[in-house]
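Working notes, structure below.
The values are calculated or read from the model by the stated rules, or taken from the named source; none is laboratory data. All figures in this text were calculated on a predicted structure; none of them were measured in a lab. All Cβ positions, even for glycine, are placed from backbone atoms using ideal geometry, and neighbour counts span all protein chains on display.
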Amino acid sequence: RARQLATLAKIDHALDAKVFSNILDLDDDEDQNFSRSLVFDFIDLAKQTLNEMDACLEQKDFVRLRDRAAYLRGPCNTLGVYRMEETCARIEQLT
């Protein structure tokens, strides 16, 4: 657990370590299957949504861009990925 916290401290510029630490506390086993699946699901979701946002920019579809940013904010907030969440909020404000 100490090693995990040390790793989280290194990426604190992009991730809220306290929020993510709380998620790690929800794991029932040493394999961290719960938090691992959350992270991998988030990565897949973020990748897909960011690709959609790129397409929105190319098509100048700013309404859908704002919707995709709003959609991505929820999972970012849940996992403590605050830098991406802040960026999505900024996109919403600008579109």
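Things worth noting here:
- Within region 47-82, the set of residues being part of a helix (DSSP H, G or I) and within 20 Å of LEU24 (Cα to Cα) comprises GLY74, PRO75, CYS76, ASN77, THR78, LEU79, TYR82.
- Candidates in region 41-95 are the residues that are among the β-branched types (Val, Ile, Thr) and out of contact with any Phe, Trp or Tyr (no Cβ under 6 Å at 6 or more places or on another chain); of these, the one that is surrounded by the most Cβ atoms within 10 Å (Cβ to Cβ) is VAL81.
- Taking the criterion of being in contact with a helix residue (DSSP H, G or I) (Cβ under 6 Å, 6 or more places away or on another chain) and either of a type outside the set (Asp, Glu) or surrounded by fewer than 14 Cβ atoms within 10 Å (Cβ to Cβ) (or both), the residues of region 21-40 that qualify are ILE23, LEU24, LEU26, SER35.
- Here LEU5 passes the criteria (1) modelled with pLDDT under 95; (2) at positive phi except the one numbered (2).
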